[in-house]
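First the structure, then my questions, so here it is.
The values are calculated or read from the model by the stated rules, or taken from the named source; none is laboratory data. Not measured: the values here are computed from a predicted model. When we count neighbours, we look across all protein chains shown, and the Cβ atoms used for this are built from the backbone with ideal geometry, even at glycine. Areas reflect the complete protein model, heavy atoms only, side chains present, ligands, DNA and RNA absent. Shrake-Rupley method; radii C 1.70, N 1.55, O 1.52, S 1.80 Å.
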2 protein chains.
Amino acid sequence: MNKEGKHTVAVVDDHSLFAGSLEKLINSFPNFKVLFHAKNGLELKDLINEGEKLPDIILLDINMPIMNGFETAEWIMENHPKIKILALSMEDDEQTILKMLRKGAKGYLLKDIHPEILNTALNELIEKGFYHSEKVSETLLHSISPNEEGIIMDFKENELIFLQLACSEMTYKEIADVMDLSPKTIDGYRQDLFKRLKIKNRVGLVIFALKKNLIKI
Amino acid sequence: MNKEGKHTVAVVDDHSLFAGSLEKLINSFPNFKVLFHAKNGLELKDLINEGEKLPDIILLDINMPIMNGFETAEWIMENHPKIKILALSMEDDEQTILKMLRKGAKGYLLKDIHPEILNTALNELIEKGFYHSEKVSETLLHSISPNEEGIIMDFKENELIFLQLACSEMTYKEIADVMDLSPKTIDGYRQDLFKRLKIKNRVGLVIFALKKNLIKI
DNA sequence: TTATTTAAGGGGTTTTTCCCTGTTTATTTG
DNA sequence: CAAATAAACAGGGAAAAACCCCTTAAATAA
């Protein structure tokens, strides 16, 4: 909250044109004002470390060069956990949304923003502490809750990476190398996934991943 | 050629309604006349064995119960190789077309028949001995000739069955059982395919099969 | 402090993958 | 027609990879 009684928002987004109009839009809301703007996570870090006032909310784009939304969210939550992160992204797939929320984002918006939706999101973020659009809530419910076969589709970070690499022609040894983990750990992921997904071998894994859109061919 | 100077056609098709209008259509062509109609390969066999006059052309549907188009074509070629088979099918995938032509079909038509196309096909069958629509020719050329990576996509019967089974969660031992072949033979298919398709393991096989529409998920 | 999670190791069986050889059956071709 | 050639099928043997169960250490969360 600034001296005018408005809640402050920092915008972290690479697309300067888009970010510019976004700033004007936010400033037009009665309860909000843009505090500052950063082109990526690194710039945000610098600005905050240089003593900028802390915003109440950070509008955070996921797809940025240098320091992306995931890393940035991680840093924010570690250093300034009171700031509420509203994630912005063009991706609407379950895993991206899940990952962002796991990193600590309190809300998730797809990038084709309608002014009223952004206003609602910001207000709910202040009032309730979180905002979820119907679409995102639905996606989350669908993805985390067990499906028809009782399979829980909530993958952890490394699990998902393993799963996707296992859908390539790499051996488990090679996967262990690129993930910088022991082959034994990789084997643990494998066993756990095979049990949970009720599959018999790697072919089953590929088929599962395709059905659930976890990989594309 | 019958007494009226018309070429004779036998229709082998399960869909009696469709076959009925097909007969009328063929009889309306100046050069052709339907000799008889059979609902499946077995009926055709019986009719021919009972001494029916042999048709010049057999219009053969692939998807039939009892004795399908492939088996029927095989029998026709073994017993009456002079008869020209024109295959009819809703399937337009490369492997089905290839298989039918390998069985001896002289032409291949997709089932949404335009009267002029059928007339052309029958006439070319008599004149040239074969008929290939542009679409089928193209498909064939594309499938048999080496593609960008020099991979020859012309699979033999058993090879294709193996390939498709290998895209399931079955072990090679299980595949050998259902195909009633030695595990060593199956291993031979595997080695040959891996080399030809330039893949490293079963995951590669699944990905290849999906890209080339040899399996569906 | 007690669970839970994450990473990793021990040790074993089965499956896959590879290469090379041999037999039988078609298919060419001299 | 017989001889050469190609193909489909099958075996031996072996190394690598995949698969499976069970335990443990460290870090985290409850």
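Got a number for residues in the range B:158-186 being near DNA strand C (Cβ under 10 Å from one of its atoms) and farther than 18 Å from A:ASN201 by Cα?
Matching residues across the range B:158-186 total 5.
With the requirement that a residue be modelled with pLDDT under 85, under 20 Å from A:ILE126 (Cα atoms) and aliphatic (A, V, I, L, M), what does the range A:67-112 give you?
Once the filter is applied, which keeps residues that are modelled with pLDDT under 85, under 20 Å from A:ILE126 (Cα atoms) and aliphatic (A, V, I, L, M), the range A:67-112 yields A:MET77, A:MET100, A:LEU101, A:ALA105, A:LEU110.
Tally the residues that are outside any helix (DSSP H, G or I) and open to solvent by less than 60 Å² (accessible area, probe 1.4 Å), restricting the search to the range A:153-165.
So the count comes out to 3.
Is one or more of the residues making up the range B:139-160 within 13 Å of DNA strand D (Cβ to nearest atom) and at pLDDT 95 or above?
Within the range B:139-160, not a single residue is within 13 Å of DNA strand D (Cβ to nearest atom) and at pLDDT 95 or above.
Also: Looking at the structure I just gave you, is A:MET64 open to solvent by less than 60 Å² (accessible area, probe 1.4 Å) and over 24 Å from A:THR120 (Cα atoms)?
yes
Here's a follow-up. Within the range B:206-217, track down each residue that is away from DNA strand D (no atom under 13 Å from the Cβ) and not basic (Lys, Arg).
Across the range B:206-217, the qualifying residues are B:ILE207, B:PHE208, B:ALA209, B:LEU210, B:ASN213, B:LEU214, B:ILE215, B:ILE217.
Specify the residue that is nearest to A:PHE155 (Cα to Cα); the eligible residues are those in the range A:178-201 that are within 10 Å of DNA strand D (Cβ to nearest atom) and among the aliphatic types (A, V, I, L, M).
Once the filter is applied, the top-ranked residue is A:LEU193.
Under 8 Å by Cβ, and 6 or more places apart or on different chains, what pairs join a residue from the range B:171-190 that is free of Cβ contacts under 8 Å to residues at least 12 places away in the same chain with one that is basic (Lys, Arg) and near DNA strand C (Cβ under 8 Å from one of its atoms)?
B:PRO183/B:LYS173
Next question, about the same structure. In the range B:198-214, which residues are surrounded by 18 or more Cβ atoms within 10 Å (Cβ to Cβ) and either within 11 Å of DNA strand C (Cβ to nearest atom) or within 20 Å of A:ASN201 (Cα to Cα) (or both)?
B:ARG202, B:VAL203, B:LEU205, B:VAL206, B:ILE207, B:PHE208, B:ALA209 - these are the residues of the range B:198-214 that are surrounded by 18 or more Cβ atoms within 10 Å (Cβ to Cβ) and either within 11 Å of DNA strand C (Cβ to nearest atom) or within 20 Å of A:ASN201 (Cα to Cα) (or both).
Results for (1) out of contact with any Gly (no Cβ under 9 Å at 6 or more places or on another chain); (2) open to solvent by less than 60 Å² (accessible area, probe 1.4 Å), shown as yes or no for each residue.
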site	(1), (2)
A:ILE83	yes, yes
A:ALA87	no, yes
A:MET90	yes, no
A:GLU94	yes, yes
A:ILE97	yes, yes
A:MET100	no, yes
A:GLY107	yes, yes
A:ILE117	yes, no
A:ALA121	no, yes
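Related question: Would you check if there is a residue in the range B:6-25 being at pLDDT 85 or above and loosely packed, with under 14 Cβ neighbours inside 10 Å?
There is at least one residue in the range B:6-25 that is at pLDDT 85 or above and loosely packed, with under 14 Cβ neighbours inside 10 Å.
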